[in-house]
Amino acid sequence: MMAGLHKDGTNFGLSPVETHVRRLVWHQLVRLDLRTCQAVGPAQSLIRFDEYDTKLPLNVDDADFEALIQPTKDEARFTDNTTNRVRCEIAQFSAEIFLTKEHLDKRHTTLSATLHRIDEWFKAIEAKFGPLLDEKIPMQDLTLKILHMSRSGFYIGLLHKYVVSAPQKMPQRLVDVVWQASLSNTEISRKLETESRYELWSWYSGTIQNYHVARKSIYIHRNNPSHSTYRI
């Protein structure tokens, strides 16, 4: 923030390539901050969604910035930066959800409204990037799986404290949401870690942490016999 990276480069009249690089750096920091929170528990991120206006990096190829006219808007195709852009969108929405959790604690919003917000976000981002991704191409399929994991991850992160520590028993429909999200998250993680088509990105799949998923699944399994036929 002292370097001004939390302010978009367009505020300072910087060139498209300088603005793009600053966006890449800032949103990588946002991701690292969120991953740190996930690693140590469902803690509040230090970088708050409402404290920066740095826009997301463009969905363009790096070579596009070598053209006479440098890009200023997204390309409607899979590019060098599509996977990264999807991860940036996920991280930015994660920061928003962290802030929403504070509003939930203060009863400024409802759990149903927040779950609906997650669903609407996912529909929008899937509509934006889904047509650009081909499951037959490993890297594009990886991007699609990262996108799908984000939805289940948001459900799990939001409902985390209600699973084991809520004063009242969680409604069955929410138990089912957490259970299905945990299954989806674990199954995708298993594929990314074991299937040879993803081995080039083992550095990424190896960082996926599912211990929060495991904790919830064990608790639900013990307290909901109807789920006893599932295995994780």
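The values are calculated or read from the model by the stated rules, or taken from the named source; none is laboratory data. Just so we're clear, the structure is a prediction, and the values are computed from it rather than from any experiment. Backbone-built Cβ (ideal geometry, glycine too); neighbour counts: all protein chains shown.
Please name all residue pairs, on different chains or six or more residues apart, with Cβ atoms under 9 Å, provided the first residue is in the stretch 5-33 and is acidic (Asp, Glu) and the second residue is surrounded by 18 or more Cβ atoms within 10 Å (Cβ to Cβ) and outside any helix (DSSP H, G or I).
Hits for this filter: 8/52; 8/54; 33/45; 33/47.
Here's a check for you: in the stretch 157-177, which residue that is modelled with pLDDT under 85 and of a type in the set (Val, Ile, Thr) is surrounded by the fewest Cβ atoms within 10 Å (Cβ to Cβ)?
Out of the qualifying residues, it is 164.
Would a scan of the stretch 41-49 turn up a residue that is among the charged types (D, E, K, R) and in a helix (DSSP H, G or I)?
no
When only residues in the stretch 121-136 that are of a type in the set (A, V, I, L, M) and in contact (Cβ under 8 Å) with a residue 24 or more places away in the chain count, which is surrounded by the most Cβ atoms within 10 Å (Cβ to Cβ)?
133
Looking at the stretch 57-79, I want the residues that are closer than 17 Å to residue 139 by Cβ and have a partner that is in a loop (DSSP other than H, G, I, E, B) and hydroxyl-bearing (Ser, Thr, Tyr) with Cβ atoms under 9 Å, at least 6 apart or on another chain. Which pairs are those?
Cβ pairs passing all conditions: 59/79; 60/79; 61/79; 62/79.
If you take the residues of the stretch 1-37 that are of a type in the set (Asp, Glu) and at pLDDT 90 or above, which of them is farthest from residue 88 (Cα to Cα)?
18
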